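Data block below; observations after.
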Ligand SMILES: Nc1ncnc2c1ncn2[C@@H]1O[C@H](COP(=O)(O)OP(=O)(O)OP(=O)(O)O)[C@@H](O)[C@H]1O
Ligand SMILES: [Mg+2]
């Protein structure tokens, strides 16, 4: 569904991505891992059209998307959920969700999808008329994921959905990511610091370092790999097992 070939990108003269290649097959969860500042968010920004691709090619659904405008990429069905507290704090939960559906004109479908989001996140339903600036960190994270789904995308990219959340909420978020794939057949690219959880959830993983793919493989074998264990495993819910995610 998403193919990234030898992509170079960065900021001004500062090159961050030095020839990254990755593949995200239809219906899969692929995780993108790596230490702080290695370029994971930069990769997502380059895919979403938020920063230029200097070299290389990105195709989505068989068509080139590199250097298209961000809203065009969203309309093609590829949506990024950005890292951090990215809601419109003065707007209600419901209005925030409607923003996610800006590119759609099928009002009945939008209403239906809002119910679907409330089904995934019952806490948001209870707070639908609350101003989003007063939500907890975990609820804001649910809201930005829900808003991404409101575009009815073919694929979503999540940038550290578990960042700065309590372990219990982290598990809730990962369960929902699992459900989104299972029930909606969504294709997902997941950037995470919580390496163990991400590898439990994902089919395939990439670890980037120094601007290139340093390791890649089936998630289930990466989790048992000594190099991965020594360098990257840890995280707040270290004893979680696969069953806990469904
Ligand atoms: N707008 C920007 N202008 C200049 N440099 C930037 C900009 N955004 C990020 N960088 C730099 O690019 C590098 C990669 O940053 P990026 O945000 O992609 O890392 P990351 O892997 O997402 O890290 P984290 O896990 O901490 O989120 C960092 O050295 C960062 O300082
Ligand atoms: Mg980041």
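The values are calculated or read from the model by the stated rules, or taken from the named source; none is laboratory data. Values in this document were obtained by computation on a predicted structure and should not be read as measured data. Quick reminder, even Gly has a Cβ in these numbers, built from the backbone with ideal geometry, and neighbours come from all protein chains shown.
Starting from residues that are within 16 Å of ligand 1 (Cβ to nearest atom) and crowded, with 22+ Cβ neighbours inside 10 Å, keep the ones in segment 145-160 and report whichever is nearest to residue 22 (Cα to Cα). Give the steps one after another, and end with the answer.
Step one: filter segment 145-160 for residues within 16 Å of ligand 1 (Cβ to nearest atom), giving 157-160.
Narrowing the set further to residues that are crowded, with 22+ Cβ neighbours inside 10 Å leaves 157-159.
Working: 157: 14, 158: 16, 159: 16 Å.
So, considering only residues that are within 16 Å of ligand 1 (Cβ to nearest atom) and crowded, with 22+ Cβ neighbours inside 10 Å, the one nearest to residue 22 (Cα to Cα) is 157.
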Subject >> Residue count, segment 222-233 (criterion: farther than 9 Å from residue 33 by Cβ and either part of a strand (DSSP E or B) or touching a helix residue (DSSP H, G or I) at 6+ places or on another chain (Cβ under 6 Å) (or both)) >> reply: 2
Original post:
Quick one: residue 49 ticks every box in (1) in contact with a strand residue (DSSP E or B) (Cβ under 6 Å, 6 or more places away or on another chain); (2) surrounded by 17 or more Cβ atoms within 10 Å (Cβ to Cβ) bar one, so which box is it?
Top reply: (1)
**OP:** For residue 30, indicate whether it is crowded, with 16+ Cβ neighbours inside 10 Å, more than 17 Å from residue 5 (Cβ to Cβ) and either at pLDDT 95 or above or away from ligand 1 (no atom under 14 Å from the Cβ) (or both).
**Re:** no
Original post:
What residue, among those in segment 45-63 that are within 17 Å of residue 157 (Cβ to Cβ) and part of a loop (DSSP other than H, G, I, E, B), is nearest to ligand 1 (Cβ to nearest atom)?
Top reply: 51
**OP:** Please give the number of the condition residue 198 fails out of (1) modelled with pLDDT under 95; (2) within 21 Å of residue 21 (Cα to Cα); (3) surrounded by fewer than 22 Cβ atoms within 10 Å (Cβ to Cβ).
**Re:** (3)
Subject >> Subset of segment 161-176 [surrounded by 15 or more Cβ atoms within 10 Å (Cβ to Cβ) and within 16 Å of ligand 2 (Cβ to nearest atom)] >> reply: 161, 162, 163, 165
Original post:
Just wondering, is there one or more residues in segment 109-116 that are without any contact (Cβ under 8 Å) to a residue 40 or more places away in the chain, more than 16 Å from ligand 1 (Cβ to nearest atom), in contact with a helix residue (DSSP H, G or I) (Cβ under 6 Å, 6 or more places away or on another chain) and more than 23 Å from residue 205 (Cβ to Cβ)?
Top reply: yes
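Given the structure, is residue 146 part of a helix (DSSP H, G or I), in contact (Cβ under 8 Å) with a residue 24 or more places away in the chain and within 14 Å of the chain's Cα centre (by Cα)?
Details: part of a helix (DSSP H, G or I): yes; in contact (Cβ under 8 Å) with a residue 24 or more places away in the chain: yes; within 14 Å of the chain's Cα centre (by Cα): yes.
So residue 146 passes the test.
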Subject >> Enumerated helices (runs of 4 or more DSSP H) restricted to segment 64-128, each holding at least 1 residues that are surrounded by 17 or more Cβ atoms within 10 Å (Cβ to Cβ) and touching a strand residue (DSSP E or B) at 6+ places or on another chain (Cβ under 9 Å) >> reply: 70-75, 93-100
Original post:
Which number in (1) within 16 Å of ligand 1 (Cβ to nearest atom); (2) within 15 Å of residue 33 (Cβ to Cβ); (3) touching a residue at least 40 places away in the same chain (Cβ under 8 Å) marks the one condition that residue 202 misses?
Top reply: (1)
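Filtering segment 11-22 down to residues that are in contact (Cβ under 8 Å) with a residue 40 or more places away in the chain and at negative phi, which residue is farthest from ligand 2 (Cβ to nearest atom)? Break it down stepwise before answering.
Pass one, segment 11-22, residues in contact (Cβ under 8 Å) with a residue 40 or more places away in the chain: 11, 15-22.
After this cut, where a residue has to be at negative phi as well, the list is 11, 15-18, 20-22.
Values: 11: 13, 15: 17, 16: 11, 17: 13, 18: 17, 20: 15, 21: 20, 22: 16 Å.
Here the residue is 21.
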